[in-house]
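Reading through the structure tokens given below for one structure.
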Amino acid sequence: MKFTLSWLKQHLDTEASVDDIGARLTMLGLEVESLEDPAKDLAGFTVAHVVEAVQHPNADRLRVCTVDAGGGDRLQVVCGAPNARAGLKVVLARPGTRIPVTGDVLKKGAIRGVESQGMMCSWRELGLGEDHEGIAELDPALPVGRPLTEVVSFDPVFDVSITPNRADCLGVRGIARDLAASGLGTLKPFEVKPVPARFPSPISVSLNFPREAADACPLFAGRYVRGVKNGESPQWLKDRLVAIGLRPISALVDITNYITYDMARPLHVFDADRLTGNVQARLARPGEKLLALNGKEYVLDETMTVIADDERVEGLAGVIGGEETGCTAETANVFIEAALFDPLRTAATGRKLEILSDARFRFERGVDPAFVVPAMEMATAMILELCGGEPSEPVIAGAAPDWHRVIGLRPQRVTSLGGVDLSTDAITGILTGLGCQVIPGADGTLMVEPPSWRGDLTAEHDLVEEVIRIHGYDNVPVATLPRAPMPRTVLTPTQRRGVAVRRGLAGRGMIETVTWSFTSSAFAPSFGGGKPDLALANPISSDLDVMRPSVLPNLIAAAGRNADRGAKDLALFEVGPQFDGGAEPGQQRQVVGGVRAGRTGPRHWNAPPRAVDAFDAKADALATIAAAGGNPDSLQVAADAPSWYHPGRSGSLKLGNKVVAWFGEVHPRVLKTMDVAGPLAAFEVFLDAIPLPKARPTKARPLLKASPFQPVERDFAFVVDATVPAATLIKAARDADKQLITEVSVFDLFEGPSLGEGRKSLAIAVTLQPTEKTLTDAEIEAVGQKIVAAVGKATGGTLRG
């Protein structure tokens, strides 16, 4: 909802500043989305006088103007406006002035070989309208050289967000009423006087609805005005419409737009000479068409309310008028229509036909049911004033629905519900300012009758809300809520571990899936299952007929379905149970399983992707164990994964004799059985095999203590038996000096005849990080000897010569 300050002051007598009005509107719940003050962008523009305008020597459409800028200063300005002539008072921009519309800073330059020392601006270039056909022509009486903002008044424009329940504030008077009720000025009296009739109306109105649709249009009023002269609106009316973004069309159309925004009351004016017979409101007939004012043709149905004459549909009720009866410059006789339309039907029609108009916006929120005839009288008076003519007697069909209602308000409820202690007189004053009638009851209850334009006030709490809103939300005292005790932890350590695992794997780019706890009996034997005691007596599907012995079959099947649909590179995981059977049929274990399929990433010129392998699965398994609270460094790696993993490309992670995880590439035989293309890398981590961390008192994490000393890196190459795992060698090297050694990694593997049969060389990089002083050569050598000794003891390896 847009309006200007001067428009507001037509209804509100106030001396408040623009900023104060904006702040109060927001506090009243009418949030100001923007406040445009044109004057703030017009610094540097001055009033100037065109002394002389001669033809440009090198261009037919340009003129060279001599401009008096005041103080004896004369400038030469090249201008292409058709109205550039001697004697005009114009708006002058000197070099260095910022042009509001473009944001460009004006510079001195030459146009077709003639120097131009400034610019004479149009209203559009100033951001004050759409007129750019010529330069702005100012009042000849304005003094030359004075700043434009000092001699011309500019109207600030408010853009206010209106909530759906405040249909009354879709008119400027409704906004003025709220401001006056809050104490920011006085609401000016407003009265609509009936216009004396000169003759009976040659056009009658009627309501033709079936009984079940009688509420589609309960009241229809009209009036015939003859002998009008439709032309341009007066400047004040055009200025107000342009300021809020509307394009002035003609006086008749502009009057209806003005009343729509001024009083939140949409109207329509028909060219009476284009109507056939009388006017009626009725439901559309299936297949009827309307060529609307927006130039589009719409096909109607029986759910839509229309305004029609005796021959055809002339408008969509409450939405948009028809083009064939629209007013033009030749219009001499008009018929004014003011009616009350059902909000639900209006909204449904607008949505179905995808029409959003100012009329629909107001009707679907509910207009004032008591302002139908007064709005017609108001429009009649404006038409007679601006266009002349003679009015007929009004013609009215139907009646306004009974909007009167009385609500009991207990003053103490303002305190109990709103937290504000106000006197009965203060409450009465606020409600009266909003247009309510308040009558004190015998028991202290206030009997409140809301006005016709406040259809949203239906109960006592609505009145309390209005009192608090007008009193000011910032005046509601702050009350501290009682501090509730902190709830006890409801997650068990096992549950918290599951959350940590999910978060950790998701951080590695894997997607969590939730599959059935069942699988197919055709797949179960490949994963160590298929036992009779795990078969389902009443399966939900023929391919989900046994309890799953592993989480992998469902994950592999999901990877296959994704690959069939083009998503070949993916990583899935699931946290859930698997069922081993055995001594206790149906016994389950909580397992984290995951699969990676396809390649490690998209194609790239610098780092080509590779197929996923067992090491990707091992990294996922170690990350899972770490997220579950286990220590990956304490695990031993063994090559004894079960049969559904590829032999030689798989392994297990153990803690002592207990298996914590399996990992590796899925056996091709299994993939063939499940009809899934490989390769696939998978892992299974058994959460019950990872000891829960010991409960420790909560304490803050210690501060980071970064060492100021340079780290030292040393390389070692050990010759060991081919059967020695690299993890054993790494663990032995790291344990040689836990204080200094911070990182151990393998960077080379060599096997060849020079080492002997069954031997291999593993090269490791060891990082030493001192924290107290820089290491000497002797100290570094001593640590090296510890590493060699520890590795030799753990693996039997020797330094490679």
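The values are calculated or read from the model by the stated rules, or taken from the named source; none is laboratory data. Every value quoted in this text rests on a predicted model; they were computed, and no experiment measured them. A quick note on method: Cβ atoms are made from the backbone with ideal geometry, for glycine too, and the neighbour counts reach across all protein chains shown. Each accessible area value is taken on the protein alone, full model and side chains, heavy atoms only, with ligands, DNA and RNA left out. Shrake-Rupley method; radii C 1.70, N 1.55, O 1.52, S 1.80 Å.
For H56, nonlocal amide neighbours, meaning residues 5 or more places apart or on other chains whose placed amide H falls under 5 Å from its own, are L62, R63, V64.
Amide H to amide H distances under 5 Å link R759 with A722, where only residues 5 or more positions off or on other chains count and H is placed in the peptide plane.
Under 8 Å for C-alpha pairs, at least 6 residues apart: give me the relative contact order for the chain, rounded to a whole percent.
On the way: 1603 pairs, mean separation 64.3, N = 801.
Relative contact order, the chain: 8 percent.
Multiplying the residue separation of T276 and L481 by 0.36 nm and removing their Cα-Cα distance gives an extension gain of 66.9 nm. Summary value for region 520-666: 16 percent relative contact order, contacts being C-alpha pairs under 8 angstrom separated by 6+ residues.
With the charge dipole of the chain set up from +1 on Lys and Arg Cβ and -1 on Asp and Glu Cβ about the Cα centre, the Cα lying farthest toward the positive end among the listed residues A794, Q76, N562 is that of A794. Treating r as the C-beta distance of T303 and V54 and R0 as 56 Å, the FRET efficiency rounds to 0.25.
In region 291-373, the inverse of the mean reciprocal separation of distinct Cα atoms equals 13.5 Å; this is its Kirkwood hydrodynamic radius.
Toward the positive end of the charge dipole of region 1-94, with +1 on the Cβ of Lys and Arg and -1 on the Cβ of Asp and Glu, the farthest Cα among I21, V67, F3 is that of V67.
The magnitude of the dipole of region 330-480, with charges of +1 and -1 set on the Cβ of Lys/Arg and Asp/Glu and taken from the Cα centre, is near 500 debye. Only the Cβ atoms of Lys and Arg (+1) and of Asp and Glu (-1) were treated as charged; on that basis the dipole of the chain about its Cα centre amounts to roughly 3400 debye.
Dividing the alpha-carbon radius of gyration of region 622-663 by the rule-of-thumb value 2.2 N^0.38 Å gives 1.14.
In the chain, the inverse of the mean reciprocal separation of distinct Cα atoms equals 36.1 Å; this is its Kirkwood hydrodynamic radius.
So if each residue of separation counts as 0.36 nm, and I subtract the Cα-Cα distance between E137 and R312, what length gain in nm does that give?
Separation in residues times 0.36 nm, less the Cα-Cα distance, equals 58.3 nm.
Look at the alpha carbon pairs under 8 Å that are at least 6 residues apart: their mean separation over the length of region 200-305 gives a relative contact order of 27 percent.
Give me the 1.4 Å probe accessible area per residue for region 467-531, excluding ligands and nucleic acids, in Å².
Numbers: 4590 Å² over 65 residues.
Normalised by residue count, the accessible surface of region 467-531 is 71 Å².
A Cβ-based charge dipole, computed about the Cα centre of region 525-569 with Lys and Arg at +1 and Asp and Glu at -1, lands at about 120 debye. Computed over region 103-200, the range of Cα coordinates on each principal axis works out to 65, 42, 28 Å, biggest value leading.
Taking the convex hull of the alpha carbon positions in region 173-224 and averaging its projected area over all directions gives 6.6 nm². Note on D73 and R211: the extension gain reaches 41.8 nm, defined as 0.36 nm multiplied by sequence separation minus the Cα-Cα distance. Working value for region 331-486: equivalent-ellipsoid semi-axes of 41, 21, 15 Å, each the square root of 5 times a Cα gyration tensor eigenvalue, largest first.
What's the carbon and sulfur percent of region 660-801's accessible surface, probe 1.4 angstrom, rounded to a whole number? Please report the intermediate quantities before stating the final value.
Values: 4750 of 8700 Å².
Ligands and nucleic acids excluded, carbon and sulfur reach 55 percent.
What does a probe at R405 reach in region 355-380, counting residues whose amide N is under 19 Å from the point 7 Å along Cα→Cβ? Under 19 Å, as judged by backbone N against the label point of R405, lie 363-371 of region 355-380.
Which FRET efficiency value, to the nearest 0.05, do you get for A537 and A506 by plugging their Cβ-Cβ distance into 1/(1 + (r/R0)^6) with R0 = 51 Å?
On the way: r = 37 Å, r/R0 = 0.72.
The computed FRET efficiency comes out at 0.90.
Ratio to report: Rg/Rh of region 229-282, with Cα atoms as the point set and Rh obtained by the Kirkwood method; give two decimals. The partial results should precede the final answer.
Numbers: Rg = 13.1 Å, Rh = 12.5 Å.
A ratio of 1.05.
The residues of region 196-341 present an accessible area of 41 Å² per residue when probed at 1.4 Å with all protein chains retained. Toward the positive end of the charge dipole of region 346-436, with +1 on the Cβ of Lys and Arg and -1 on the Cβ of Asp and Glu, the farthest Cα among P394, T415, A348 is that of T415. Using the alpha-carbon atoms, what tilt in degrees (0 to 90, nearest 10) does helix 343-353 show relative to the longest principal axis of the chain? Tilt of helix 343-353: around 70 degrees. Distance from the alpha carbon centroid of region 736-795 to that of region 413-451 works out to 87 angstrom. Dividing the Cα radius of gyration of region 461-600 by its Kirkwood radius returns 1.32 for Rg/Rh. Using the Cβ of V766 as centre and a radius below 11 Å, the other residues enclosed give a net charge of -1, where K and R count +1 and D and E count -1.
In the chain, the calculated helix contribution to ellipticity at 222 nm averages -7000 deg cm²/dmol per residue, counting -39,500 (n - 2.57) for every DSSP H run with n ≥ 4.
What is the local net charge at D20, summed over the other residues whose Cβ is closer than 15 Å to its Cβ (Lys, Arg +1; Asp, Glu -1)?
On the way: positive: K9, R24; negative: D13, E15, D19, D37, D178, D474.
Result for the local shell: -4.
Lys and Arg at +1, Asp and Glu at -1: add these up for the other residues within a Cβ distance under 12 Å of D41 and post the number. With Lys, Arg at +1 and Asp, Glu at -1, the neighbours total -1. Taken over region 705-801, the ratio of Cα radius of gyration to 2.2 N^0.38 Å equals 1.13. Under 5 Å from the amide H of R265 lie the amide H atoms of T260, each residue being 5 or more positions distant or on a separate chain, with H modelled from the backbone and absent for Pro and chain starts.
Here r is the Cβ-Cβ distance between L35 and F190 and R0 is 25 Å; the resulting FRET efficiency, rounded to 0.05, is 0.45.
K193 contributes about 140 Å² of solvent-accessible surface, heavy atoms of the protein only, 1.4 Å probe.
Scalar couplings 3J(HN,Hα) for region 169-182, obtained by applying the Karplus form with A = 6.51, B = -1.76, C = 1.60 to θ = phi - 60°, are 8, 7, x, 4, 5, x, 5, 4, 5, 5, 4, 5, 4, 7 Hz; x denotes Gly and Pro.
Per-residue 3J(HN,Hα) values for region 784-801, derived from phi via the Karplus relation 6.51 cos²θ - 1.76 cosθ + 1.60 with θ = phi - 60°, read x, 5, 4, 5, 4, 5, 5, 5, x, 5, 7, 10, x, x, 10, 4, 6, x Hz in sequence order (x marks Gly and Pro).
Angle of helix 251-263 to the longest C-alpha principal axis of the chain, folded into 0 to 90 degrees and rounded to 10: 60°. Note that region 444-459 has calculated 3J(HN,Hα) couplings of x, 6, 8, 8, 10, 10, x, x, 5, 7, 10, x, 7, 8, 10, 8 Hz, one per residue in order, obtained from phi through the Karplus relation 6.51 cos²θ - 1.76 cosθ + 1.60 (θ = phi - 60°); glycine and proline are x.
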